[in-house]
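The values are calculated or read from the model by the stated rules, or taken from the named source; none is laboratory data. Everything quoted here is computed from the prediction, not taken from an experiment. Cβ placement follows ideal geometry from the backbone for every residue including glycine, while neighbour counts extend to all protein chains displayed.
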Amino acid sequence: MALWKITVKRKVNKVGLRLDEGMFVELSTPCVTNPLSTNSSKHIPQIRQLFESKYGIDPEQYANTGYMESEKLS
């Protein structure tokens, strides 16, 4: 099992959606590859759900390496 910290690195401010730098969620996954990579896109719905649960927002198409970064914690 790997624990990942997914952090917003670029501010997004559009109608109905505001992401600020530093917002983050933690994702536990059996994969050791970056959950934001295109090869691991199966994790994107989980990441979106975690942001929805924690902040009440769905980052929609911004859940990618252009707007977020991932750090393996363990």
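Name the one entry in Val32, Val25 that is touching a strand residue (DSSP E or B) at 6+ places or on another chain (Cβ under 7 Å) and part of a loop (DSSP other than H, G, I, E, B).
Result of the check over Val32, Val25: Val32.
Do the conditions hold for Arg10, that is, is it touching a strand residue (DSSP E or B) at 6+ places or on another chain (Cβ under 9 Å), surrounded by 12 or more Cβ atoms within 10 Å (Cβ to Cβ), at pLDDT below 95 and part of a strand (DSSP E or B)?
no
Are any of the residues in region 36-51 part of a strand (DSSP E or B), within 13 Å of the chain's Cα centre (by Cα) and β-branched (Val, Ile, Thr)?
The answer is no, given that none of the residues of region 36-51 is part of a strand (DSSP E or B), within 13 Å of the chain's Cα centre (by Cα) and β-branched (Val, Ile, Thr).
Return the residues of region 50-62 that are surrounded by 13 or more Cβ atoms within 10 Å (Cβ to Cβ) and either modelled with pLDDT of 90 or more or of a type in the set (Val, Ile, Thr) (or both); say none if nothing qualifies.
Residues satisfying the conditions are Leu50, Phe51, Glu52, Tyr55, Ile57, Asp58, Pro59, Tyr62.
So, in region 13-30, of the ones that are exposed (fewer than 15 other Cβ atoms within 10 Å of the Cβ) and closer than 12 Å to Ser74 by Cα, which residue ends up nearest to the chain's Cα centre (by Cα)?
In this case the residue turns out to be Glu26.
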